[in-house]
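One structure is given below, encoded as structure tokens.
The values are calculated or read from the model by the stated rules, or taken from the named source; none is laboratory data. All values derive from a computational prediction rather than experimental measurement. Ideal geometry is used to build each Cβ from the backbone, glycine not excepted, and the neighbour counts take in all protein chains shown.
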Amino acid sequence: MPSDPLAWIDEELQVLQDQGLRRRLSVREGAQSPLIRLDGREFLSFGSNDYLGLAAEVMGPDSLRGLGDVGWGSGASPLVTGRGRWHAALETRLAEFEATEAALLFPSGYAANVGTLCALAGARDAVFSDAKNHASIVDGCRLSRAQVHIYRHLDMDHLAQLLAEAASFRRKLIVTDSLFSMDGDCAPLAELADLAEHSGAMLMIDEAHATGVFGENGRGLAEQMGVEHRVPIRIGTLSKALGSIGGFVAGSRRLVDWLIQRARSYVYSTAPPEAFASAGINALQIVRQEPWRRRQLQTRAALLRQRLAHDGWNVGASSSQIIPLIIGEPERTMLLSHQLRERGVLVPGIRPPTVPVGESLLRISLTYRHTDEMVDRLVESLGNCR
């Protein structure tokens, strides 16, 4: 009898189970909203990144009719036969929205980060990455083959030191999330721009969780902090506040032209269906026409952070709609998440490797569609779980 070459998986899964780190999939029924059904049971959800409540709105019957005869699948890479008129239209709208010369669509935000990093940095270059950057940035840094320097989270003095020690590299690239997806805190973009300019480094920021939510026009934290013109490489996603799917890069025409040549996750991926582009165009229109969504979201998030801190929860340095309750150990974190589920409230428990060891947390994700009554229920349920 031949040995089973995958037998080791059972033991490794058990290790994850014993450490409170094993993950399991659920089945959601119906559209994304604060009230969802998972595995046949209804929950009040604080787990979605649908920050503006657009996921159930951006692809209505009118959008589908407008697609005409384009069909569903794109058939090939955008460089072969796959770029359609709706893709081109969305890229034009994204460039207008971001106030840049051009924009380029990717199948996902993950693909946008990985492809862009690998196109801009190589074996003779240095990349400087915040310690709490998203996994897509981490993987892009690794795949680029550049020398990767990790600076302590938000520590500009440490970054300045690393930059000063890296004078011998061909090119330098600083990369960071603008809004960190687990801690809900923000990068000091003006200081990062100063360091980039002083050291001659490129600056790349990922606005995934800030697009649509921050800024006078909803473009993100670079807009809100007044540094858009100092950030030449901006990554965004349509899959969070914009309620759809896909990632994009906004910047100069020469940046986009270079990515078309060298971003492997773009060149070698089949273009997404054009229906997603129609949804993206609708989302951008709503962001432009209904600014009260993001304003109301931020007001409610600030009040919730205050209430939770008053009740003794550690919300870290969050200043956004992402509110962590920092617990520490994964077992305790998942116990609290389970207790909330028993009360019909869904707040995901986040464990290593998504967060560092010792920093497991409950991640509250607030959206425009959460009501005051829903927030009251969350606070009450948390109080009953302590």
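Against the condition out of contact with any Gly (no Cβ under 7 Å at 6 or more places or on another chain), under 17 Å from residue 241 (Cα atoms), assigned to a loop (DSSP other than H, G, I, E, B) and hydroxyl-bearing (Ser, Thr, Tyr), how does residue 33 come out, does it pass?
Here the answer is yes, as residue 33 does meet what is asked.
Take the conditions out of contact with any helix residue (DSSP H, G or I) (no Cβ under 8 Å at 6 or more places or on another chain), without any contact (Cβ under 8 Å) to a residue 60 or more places away in the chain and among the small types (Gly, Ala, Ser) and apply them to residue 252. Does it pass? No: the conditions fail for residue 252. For segment 216-228, the criterion of a residue being touching a residue at least 60 places away in the same chain (Cβ under 8 Å) and over 22 Å from residue 289 (Cα atoms) is satisfied by no position. Looking across segment 129-184, the residues that are polar (S, T, N, Q) and either in contact (Cβ under 8 Å) with a residue 24 or more places away in the chain or within 30 Å of residue 327 (Cβ to Cβ) (or both) come down to 129, 133, 136, 144, 176, 178, 181. If you filter segment 258-277 down to residues that are more than 21 Å from the chain's Cα centre (by Cα) and in a helix (DSSP H, G or I), you find that the one that is surrounded by the fewest Cβ atoms within 10 Å (Cβ to Cβ) is 261.
Residue by residue through segment 214-240, note down the ones that are crowded, with 24+ Cβ neighbours inside 10 Å and touching a Lys or Arg at 6+ places or on another chain (Cβ under 8 Å). Within segment 214-240, 214, 218, 220, 222 qualify.
Scan 320, 337 and give me the residue that is outside any helix (DSSP H, G or I), polar (S, T, N, Q) and crowded, with 16+ Cβ neighbours inside 10 Å. When all the criteria are applied, what remains is 320.
Scanning segment 172-196 for residues that are among the aliphatic types (A, V, I, L, M) and within 12 Å of the chain's Cα centre (by Cα) returns 179, 182. Residues that are part of a loop (DSSP other than H, G, I, E, B), surrounded by fewer than 19 Cβ atoms within 10 Å (Cβ to Cβ) and of a type in the set (A, V, I, L, M, F, W, C) do not occur anywhere in segment 37-48. Number of residues in segment 153-182 that are of a type in the set (Gly, Ala, Ser) and buried (at least 20 other Cβ atoms within 10 Å of the Cβ) equals 2. Among the conditions (1) under 30 Å from residue 301 (Cβ atoms); (2) at pLDDT below 95, residue 167 misses just one, which is (1).
Is it the case that some residue within segment 90-97 is among the small types (Gly, Ala, Ser), surrounded by fewer than 17 Cβ atoms within 10 Å (Cβ to Cβ) and either not assigned by TED's automatic domain parsing to the domain that holds residue 354 or not in a strand (DSSP E or B) (or both)?
Going through segment 90-97, the residues among the small types (Gly, Ala, Ser) turn out to be 95.
Filter again for surrounded by fewer than 17 Cβ atoms within 10 Å (Cβ to Cβ), leaving none.
Checked segment 90-97: no residue is among the small types (Gly, Ala, Ser), surrounded by fewer than 17 Cβ atoms within 10 Å (Cβ to Cβ) and either not assigned by TED's automatic domain parsing to the domain that holds residue 354 or not in a strand (DSSP E or B) (or both).
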